[in-house]
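Just so you know, all these numbers are worked out from the coordinates, no wet-lab data involved. Source: prediction; values computed, not measured. Methodologically, a virtual Cβ is constructed for each residue, glycine included, from the backbone with ideal geometry; neighbour enumeration extends over all protein chains shown.
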Amino acid sequence: MLTGRRYVLDFTPEQAEFAERIGGACRAVWNTALEQRRVYRRGGVFIGYHDQARQLAEAKTEPGLEWLGEAPGHCLQQTLIDLDASCSRHGVWGVRWKSKTAARPSFRFPEGGKICVERLNRRWARAKLPKLGWVRFWWTRPLGGPAKNATITRDGQRWYISFLVEDGIDPPGRHARPDTGIGVDRGVAKIVTTSEGVFHHQVFATGREVEHAAKLQRDLSRTRKGSNRRRHAARRSGAFKAKIRRRREDFAAKTACVLAGGHDLVVFESLKTKNMTRRAAPKPDLDRPGRFLPNGAAAKTGLNKAILDKGWHRIEQAVRAKARYTGTIVITVNPAYTSVTCHRCKHVDPKSRKSQAVFACTSCGHTGHADVSAAKNILTAGRAEPAPPRPGVRAGARKPRNRVGRKANRQATAAQATAHPEPALAEIPRL
Ligand SMILES: [Zn+2]
């Protein structure tokens, strides 16, 4: 199966600076190419990867664009390929810009044949990449197979290298422990409660750490845009958030290992995260009707997301990833009434839920832990679902594209293109 391996890089200061520049060039290519696609689309025509790649090659020789030629050509091309894939999946209006400050630099070397990986000693290994040369990384686990490509990313102040490898393991036909289904209820008091009555929980940030994060955020908001102090404050805040993120990632991986490793069926409730994330209440401006005062919504939302997030979605993703190796079937069910239904007699009554933790049926008198009861109902609902197809071989297999594909687009725009053989191309940004 195709799988990913990620390692912490040990760049020299020059390499880190160069990687930052490559990331910047890829971001510029992404944004310009996206704008070009949008302008074309407004003009009723289509531009695809091949035209854009040709223009990119021409642009590299233009004066003033030497920085473009400095970046590895394959990384820039890969950016265009990624953009092409995103656009055919979400449409040109559904793809987002890469912001200079918010987006983390990321670029991919698509040619596995050109990447040479060498083990140096017990702790270190190195990989040779076009233009970057030998880069050293911390050897935390074996690669497990030949690398098909390599992606360099930065998270906070840390650079990572991840390889796509073919590990040669076939997906199992069935789980080693058949008929061991489990229902999973995700909550706040306990992050994961299973139908077997087991809780998986971890505090990702202590009270003091939450205070510290708020202080870092405050420091950041008091600096001027573009100043050196802001850059340093953003770096401190980003590093802290990255630390919390790593803890969450670790918890998700460990929980997924237990859930998928021990059970042939894992049932989650489908999450409507949009409804669950609370926003700061709008503050109307009493002097000017219809206007609103700043309410700190952006800061609050950002902080809540980074520090207080329980990572519910990430746990599901981790279980699905693990399930490819264990043969577990993962499904989601509608969560309606799972927390107010009696598991024994199926009586539905909101009054049965006495408190956050206690469930006592108003009909049959059955009592138990409220979350465990909900998890049991989730498992029952999951068992009632028709059996889904076996876990796929490919990770992140794409949905078949229909309406937004290149062909569909050509068909849709063909009539217009013939009606206006020369659309206004004057404003189209050049790569
Ligand atoms: Zn009951």
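Label point 7 Å out from E385 along Cα-to-Cβ: which residues of the range 322-354 have amide N under 17 Å? Under 17 Å, as judged by backbone N against the label point of E385, lie 322-324, 327-339 of the range 322-354. Taking every lysine pair in the range 2-166 that is 8 or more places apart or spans two chains, those with Cα atoms closer than 25 Å amount to 12. Which aspartates and glutamates have a Cα lying under 17 Å from the Cα of K354, excluding residues fewer than 8 positions away in the same chain? Output for K354: D371.
Rounded to the nearest 0.05, what FRET efficiency do H212 and H347 have when you use their Cβ-Cβ distance and R0 = 41 Å? Please report the intermediate quantities before stating the final value.
Values: r = 47 Å, r/R0 = 1.15.
FRET efficiency, H212 to H347: 0.30.
Taking a straight line from the alpha carbon of K322, these aspartates and glutamates sit under 16 Å away, with near neighbours fewer than eight places off in the same chain left out: E166, D167, D170, E249, D250, D264.
Spin-label pair E17-S99: with each label point 7 Å from Cα along the Cα-Cβ axis, the two points sit 2.8 nm from one another. Using the Karplus relation 6.51 cos²θ - 1.76 cosθ + 1.60 with θ = phi - 60°, the per-residue 3J(HN,Hα) values for the range 82-99 come to 4, 5, 4, 5, 4, 5, 6, 8, 10, x, 4, 8, x, 8, 9, 6, 9, 7 Hz, with x marking Gly and Pro.
Could you work out how much longer the chain between T3 and F292 gets when fully extended? Use 0.36 nm per residue separation minus the Cα distance between them, nm to one decimal. Walk me through the numbers on the way to the answer.
On the way: separation 289, 0.36 × 289 = 104.04 nm, distance 4.84 nm.
Contour length minus Cα-Cα distance gives 99.2 nm.
When each of the peptides 75-86, 336-347 is scored by how many other beta carbons lie within 10 Å of its residues on average, the order from highest to lowest is 75-86, 336-347.
From Cα pairs below 8 angstrom and at least 6 apart in sequence, can you work out the relative contact order of the range 2-166, rounded to a whole percent? Write down the numbers at each step before the final one.
Working: 240 pairs, mean separation 54.3, N = 165.
Once divided by the residue count of the range 2-166, the mean separation gives 33 percent.
Each of T151, T328 was scored by other Cβ atoms within 10 Å of its Cβ. Arranged with the fewest first, they read T151, T328.
Please order W134, W93, W312 by the number of other Cβ within 10 Å, starting at the fewest.
Least to most surrounded, the residues fall as W93, W134, W312.
Placing dummy labels 7 Å off each Cα toward the beta-carbon, the span from H201 to K128 is 5.4 nm. Derived scalar couplings between HN and Hα for the range 355-369 equal 8, 4, 9, 9, 10, 9, 5, 7, 9, 9, x, 5, 10, x, 6 Hz in order, rounded to whole Hz, by the Karplus curve 6.51 cos²θ - 1.76 cosθ + 1.60 (θ = phi - 60°), x for Gly and Pro. Among R291, R96, the order by Cβ neighbours within 10 angstrom, fewest to most, reads R291, R96. When each of the peptides 317-323, 141-147 is scored by the mean number of other C-beta atoms lying within 10 Å of its residues, the order from highest to lowest reads 317-323, 141-147.
Placing a pseudo-label 7 Å from each Cα along the Cα-to-Cβ vector at C116 and C364 gives an inter-label distance of 6.9 nm.
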